[in-house]
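Q: Starting off with a structure, shown below.
The values are calculated or read from the model by the stated rules, or taken from the named source; none is laboratory data. Since we're looking at a predicted model, the values are computed, not measured. As a convention, Cβ positions derive from the backbone with ideal geometry for all residues, glycine included, and neighbour counts pool all protein chains shown. Surface areas here come from the heavy atoms of the whole protein model, side chains and all, with no ligands, DNA or RNA. Shrake-Rupley method; radii C 1.70, N 1.55, O 1.52, S 1.80 Å.
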There are 2 protein chains.
Amino acid sequence: MSYELYYWPTIQGRGEFIRLALEEADAKYIDVARRAESSGMGVRAMLRLMDNSEYPPFAPPFLKAGDLVIAQTAHILQFLGPLLDLAGDDETSRIWAHQLQLTISDFVTEVHDSHHPISGNLYYKDQKPEAQKRAADFIQARLPKFLGYFERIMKSNPHGDQFMVGARLSYVDLAIFQIIEGLRYAFPRAMKKSESNYPHLLDLHHRVSVRPRIARYLKSARRVPFSKQGIFRHYKELDVDRS
Amino acid sequence: MSYELYYWPTIQGRGEFIRLALEEADAKYIDVARRAESSGMGVRAMLRLMDNSEYPPFAPPFLKAGDLVIAQTAHILQFLGPLLDLAGDDETSRIWAHQLQLTISDFVTEVHDSHHPISGNLYYKDQKPEAQKRAADFIQARLPKFLGYFERIMKSNPHGDQFMVGARLSYVDLAIFQIIEGLRYAFPRAMKKSESNYPHLLDLHHRVSVRPRIARYLKSARRVPFSKQGIFRHYKELDVDRS
């Protein structure tokens with residue numbers, strides 16, 4: 001099956017978790033909003049489908065697979081996981097993978113809110129003092145809480161400490177790669193100081209980064225660069241450890 | 001099967017979405033953390049299971065069903081839905097129900113952050129100016145965006161406009177009941193001004209509230225009252241419409 005991914009074309013954002021899974025599986029997909037408007041695609045096609053689907057998404061990303069339109073990042077991965085062979089071997093593994101991915105989604109929301117604590121409708125510069133407070137709490141309390149949890153999960157994986165779920169790669173491992181990659185971009189100082197607390201996650205990040213399809217993807221133009229528009233943003237004044 | 005629900009005992013919070021589904025289905029369940037410590041239950045039993053489960057939850061609520069321990073509100077409902085006959089009739093309905101519930105979860109996070117925009121580790125009084133800004137944006141932009149979306153979904157339900165998913169009650173309808181109930185408690189002024197924009201949701205809220213098992217539950221001691229501890233909190237200074 002060929003998939004259609006719909007997401008904002010200029011950022012990695014939440015869509016990146018889907019892109020990484022599709023790339024690792026070498027699945028056929030069209031990143032619709034990144035294609036030219038002149039070809040009938042682009043952002044306009046995305047907004048049109050949002051308005052006219054029988055099951056309208058609240059927000060991108062969403063995926064079209066045949067007649068099905070499915071939204072919510074973790075939900076899309078739950079759907080794609082078995083189809084792409086990235087979701088573990090049995091029902092218990094799939095339930096566990098979805099649960100971890102939902103926790104990653106919660107973390108991603110907190111990463112976003114570290115620079116936008118007041119409103120997504122305001123620019124960063126209009127909520128900078130509040131962002132400094134929230135980012136300080138993020139670095140001091142939330143980042144270690146989430147990364148410490150994921151580290152503990154991987155370390156105590158009864159099937160070995162090489163993957164987050166079971167004994168082989170799942171979409172959760174790809175998501176952990178993206179989390180580490182994004183945090184290093186956004187908070188280089190805080191990560192330099194603390195990332196050695198999470199050796200299993202760092203090792204996983206490295207092993208994912210050198211997988212042939214992922215390495216090829218990361219070097220390609222299909223990988224949108226990090227920037228000051230996405231979820232993970234680097235503002236020097238937020239990357240401060242007040243502890 | 002008898003279920004064990006684990007959630008903070010003194011608030012409705014995210015656990016309430018699970019309680020409502022269990023109550024509507026007349027399912028056997030133990031609200032473990034609300035039972036006495038002397039009986040081996042209570043909060044200590046909850047924290048113990050969080051630490052010692054093979055699949056440790058990041059946070060409450062979580063559900064124990066036989067050997068399975070499952071966390072994340074929307075995920076628990078996805079699991080319980082078919083077992084409680086509250087998830088639609090087919091796979092497409094179940095996918096759709098989960099997608100809507102995940103969007104409700106996102107909304108619940110925003111409701112929470114309207115009074116805690118900086119940190120869950122600080123008291124409300126220590127982030128009051130920031131909360132006033134975020135609550136103003138919430139009332140002006142986010143509340144109408146989410147409720148407008150849910151209203152549109154129900155109004156355009158191809159199976160009739162009586163339920164959120166398909167032609168009969170699902171856990172999503174119970175969640176919409178709780179959302180309206182909570183918003184009326186937390187933001188009575190804003191809701192009085194705007195709730196007539198969402199006639200389908202109000203009608204659904206009423207119809208859920210008079211269902212015999214729900215009505216019985218709401219009058220019982222099992223329903224934790226709203227308070228200044230939960231997700232939905234009433235602070236007069238946040239219930240202001242600056243538009």
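Q: So if each residue of separation counts as 0.36 nm, and I subtract the Cα-Cα distance between residue A:54 and residue A:241, what length gain in nm does that give?
A: Once the chain is fully extended between residue A:54 and residue A:241, it gains 62.6 nm.
Q: So what are the ³J(HN,Hα) numbers for the range A:58-70, from phi and the Karplus equation (6.51, -1.76, 1.60; θ = phi - 60°), rounded to whole Hz, Gly and Pro as x?
A: 6, 7, x, x, 9, 10, 10, 10, x, 7, 7, 10, 9
Q: I'd like the accessible area for residue A:67: 1.4 Å probe, protein heavy atoms, all chains in place, Å² to the nearest 10.
A: Accessible area, nearest 10 Å²: 150 Å².
Q: Next question, about the same structure. If each label sits 7 angstrom from Cα along the C-beta direction, how far apart, in nm, is residue A:197 from its counterparts in the other copies?
A: Those label-point separations list as 4.2 nm.
Q: I've got another one for you. Amide H neighbours of residue A:13 under 5 Å, counting only residues 5+ apart in sequence or on other chains, H built in-plane at 1.01 Å?
A: HN-HN under 5 Å from residue A:13: A:231, A:232.
Q: Which aspartates and glutamates have a Cα lying under 12 Å from the Cα of residue A:192, excluding residues fewer than 8 positions away in the same chain?
A: List returned: A:239, A:241.
Q: Label-to-label distances across copies for residue A:67, with labels 7 Å out along Cα→Cβ, in nm, shortest first?
A: Those label-point separations list as 3.8 nm.
Q: Restricting the count to DSSP beta bridges whose residues both fall in the protein assembly as shown, what percent are antiparallel, rounded to a multiple of 5?
A: Of the beta bridges lying entirely in the protein assembly as shown, close to 70 percent run antiparallel.
Q: In the range A:19-42, which residues have a backbone nitrogen under 11 Å from the label point lying 7 Å from residue A:168's Cα in the Cα-to-Cβ direction?
A: Counting only backbone N, you get no residues.
Q: May I pose another question? Listed here are the pairs A:64/A:145; A:125/B:128; A:133/B:64; A:28/A:236; which of them are more than 27 Å apart at the Cα?
A: Going by Cα-Cα distance, A:64/A:145; A:133/B:64; A:28/A:236 fall outside the 27 Å limit.
Q: Can you give me the C-alpha center-to-center distance between the range A:157-222 and the range A:1-63, rounded to a whole angstrom?
A: 24 Å
Q: Oh, and also: Just counting partner chain Cβ atoms within 10 Å, what average do the residues of peptide A:50-61 show around their Cβ?
A: Other-chain Cβ atoms within 10 Å of each residue's Cβ, averaged: 3.
Q: Considering only DSSP beta bridges whose two residues both sit in chain B, what percent are antiparallel, to the nearest 5? Write out the running numbers ahead of the final one.
A: On the way: 7 of 10 bridges.
In chain B, approximately 70 percent of DSSP beta bridges are antiparallel ones.
Q: Any idea how far apart residue B:141 and residue B:161 come out in nm if each label point goes 7 Å out from Cα toward Cβ?
A: 2.9 nm
Q: Okay, next question. At 222 nm, what helix-only mean residue ellipticity would chain A give, in deg cm²/dmol to the nearest 500, using -39500 (n - 2.57) for each DSSP H run of four or more?
A: Working: 10 runs with 123 residues, N = 243.
Helices in chain A give a 222 nm mean residue ellipticity of -16000 deg cm²/dmol.
Q: I'd like the accessible area for residue B:73, computed on protein heavy atoms only with a 1.4 Å probe and all protein chains in place. Round to 10 Å², please.
A: So the heavy atoms of residue B:73 present about 10 Å² to solvent.
Q: Within 10 Å of each candidate Cβ there may be at most 13 other Cβ atoms; applying that plus a DSSP loop requirement, which trypsin sites (Lys or Arg not before Pro) in the range A:27-130 survive?
A: Those satisfying the criteria are A:28.
Q: Under a 5 Å amide H to amide H cut-off, with H placed in plane at 1.01 Å, what residues pair with residue B:30 once short-range neighbours are removed?
A: Under 5 Å from the amide H of residue B:30: B:3, B:4, B:5.
Q: Between residue A:35 and residue B:222, how many nm apart are label points set 7 Å from Cα along the C-beta direction?
A: 5.2 nm
Q: Considering Cα pairs under 8 angstrom that are at least six residues apart, work out the relative contact order of chain A and quote it in whole percent.
A: So the answer I get is 21 percent.
Q: Using a label point 7 Å beyond Cα on the Cα-Cβ vector, give me the inter-copy distances for residue A:91 in nanometres, one decimal, shortest first.
A: Relative to the other copies, residue A:91 has label-point distances of 1.5 nm.
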